[in-house]
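Okay, so here's the structure we're looking at.
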Amino acid sequence: MKNAFHKLYGSMPACTTEAPGRVNLIGEHTDYNGGFVLPTLIPQKTLVSLSPRTDRKVHLATMDRDGSIRRFHYYLGEETAQDGWGDYVQGLTWLWAREGQPIQGFDALISSHVPMGAGLSSSAALLVAFSRALRQAFSLDLDDVQIALLCQRVENEFVGARVGIMDQMAISLGDHNHALFLDTRDLSSRRIPLPWDKMDLFVINSGVRHRLMEGGGYNSRRSECEEATHLLNVKQLRDIEAPHRLTGLPDLYQKRARHVVTENQRVLDAVQALESGDMKRLGQLMRESHTSMRDDYEVSVPEIDILVEEALREPQVFGARLTGGGFGGSIVGICEPKQALSVASRIVERASQRFDETPTILVPEPS
């Protein structure tokens, strides 16, 4: 990475930072409703090498896995969304200027192994990694929570994706041996140890690439939740603790709200299951979560459903579900210890015979 930077810009970078992707064990579409989430980190990372300049120009480059380079440049104060990867960096400098963060132009190189469109938060990994680089290069006084909040605002206010705070907080605060139990209303969090002696984790990318802005599906779900809160006369769906309070809502809003309300309770139950080492209970909660996302929130797709079905055919699998915003992406599952790679290999082999895309194992990383 440093040598590639030197080849591009003629000097070594002032700093190199990184941020991993994340997988959400349970708690989907609850974060923008003030609810609970339970994500953990994945091995794949985004790296950013960066050096300050003495002018207002920003030189960006991304290095693909085959070593090829794509370039982009702009001037601070002239940020314009162009519906591409450069929007995330432009959004950062645009927002940080509005917030009074003292930065100048810079040269940067980005390399990411977090798959795009897989529901594993490649955009948040890029934003957090880049924020860490800017913080270090310009000696900015920003803590990890402040970075997470600013990164969320970039997606909301500049990119146009009305994402919640889960991804940015998980990537800023999480680690690989814990799940992060996060209350998205007050941003309080607690690390829950993952009992690796009782479970193993697998993540499979369906090959159906999702994009939160495509077709407006993600944003429309958020709008539907907001309409449900208006009809229920509450601030957020987090304020509803039991599904029976949803009776009387129009069917569409009742389904959306029912998913959020029941999903919040599933997260609380999942924390208890993890802490007590009850993997069967955790697996059952994951199965129920997928059913709710498929039927009530309607964000699954046939390829994802097939992967979950094939996962649940494996006797060593406790549970599996769609992870991420939906409309494609990946599944996450838990199984008996040290069985994840063999289990995931069989799931991929069978699922690939049932649909046209080519699913791939992301966690554990095949050797």
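Number of residues in region 292-320 that are assigned to a helix (DSSP H, G or I), without any contact (Cβ under 8 Å) to a residue 40 or more places away in the chain and over 22 Å from the mean Cα position of the chain (by Cα): the value is 2. Scanning region 60-92 for residues that are outside any loop (DSSP other than H, G, I, E, B), without any contact (Cβ under 8 Å) to a residue 40 or more places away in the chain and among the hydroxyl-bearing types (Ser, Thr, Tyr) turns up TYR74, TYR75. Would a scan of region 15-25 turn up a residue that is among the basic types (Lys, Arg), surrounded by fewer than 20 Cβ atoms within 10 Å (Cβ to Cβ) and closer than 20 Å to ASP144 by Cα? Among the residues of region 15-25, not one is among the basic types (Lys, Arg), surrounded by fewer than 20 Cβ atoms within 10 Å (Cβ to Cβ) and closer than 20 Å to ASP144 by Cα, which makes the answer no. Of note, PHE138 satisfies the criterion of being in contact (Cβ under 8 Å) with a residue 24 or more places away in the chain and either over 18 Å from the mean Cα position of the chain (by Cα) or not assigned by TED's automatic domain parsing to the domain that holds GLY329 (or both).
Filtering region 52-63 to residues that are more than 22 Å from the chain's Cα centre (by Cα) and surrounded by fewer than 20 Cβ atoms within 10 Å (Cβ to Cβ) leaves PRO52, ARG53, THR54, ASP55, ARG56, LYS57, HIS59, ALA61. Checked against (1) of a type in the set (Val, Ile, Thr); (2) farther than 20 Å from SER289 by Cβ; (3) in contact with a strand residue (DSSP E or B) (Cβ under 9 Å, 6 or more places away or on another chain), THR54 meets all criteria but (3). Of all residues in region 274-291, those that are in a helix (DSSP H, G or I) and surrounded by fewer than 21 Cβ atoms within 10 Å (Cβ to Cβ) total 9. Can you tell which of VAL128, VAL163 is under 17 Å from TRP85 (Cβ atoms) and either in a helix (DSSP H, G or I) or at pLDDT 95 or above (or both)? Just one listed residue meets the conditions, VAL128.
ILE42 passes every criterion in (1) crowded, with 24+ Cβ neighbours inside 10 Å; (2) farther than 27 Å from LEU194 by Cβ; (3) not acidic (Asp, Glu) apart from (2). In region 141-154, the residues that are in a helix (DSSP H, G or I) form Cβ pairs under 8 Å with partners that are surrounded by fewer than 15 Cβ atoms within 10 Å (Cβ to Cβ), at six or more places apart or across chains, as follows: VAL145/LEU187; LEU150/GLU99. Considered as a group, the residues in region 309-366 that are under 18 Å from HIS176 (Cβ atoms) and among the polar types (S, T, N, Q) include one that is surrounded by the fewest Cβ atoms within 10 Å (Cβ to Cβ), and that residue is SER330. Consider GLY35 against the criteria (1) over 17 Å from GLU157 (Cα atoms); (2) surrounded by fewer than 18 Cβ atoms within 10 Å (Cβ to Cβ): it satisfies all of them except one. Which criterion is unmet? So the condition that GLY35 fails would be (2).
The values are calculated or read from the model by the stated rules, or taken from the named source; none is laboratory data. All values reported here derive from a predicted model rather than from experimental measurement. Using ideal geometry, Cβ is built from the backbone for each residue, glycine included, and neighbour counts are taken over all protein chains shown.
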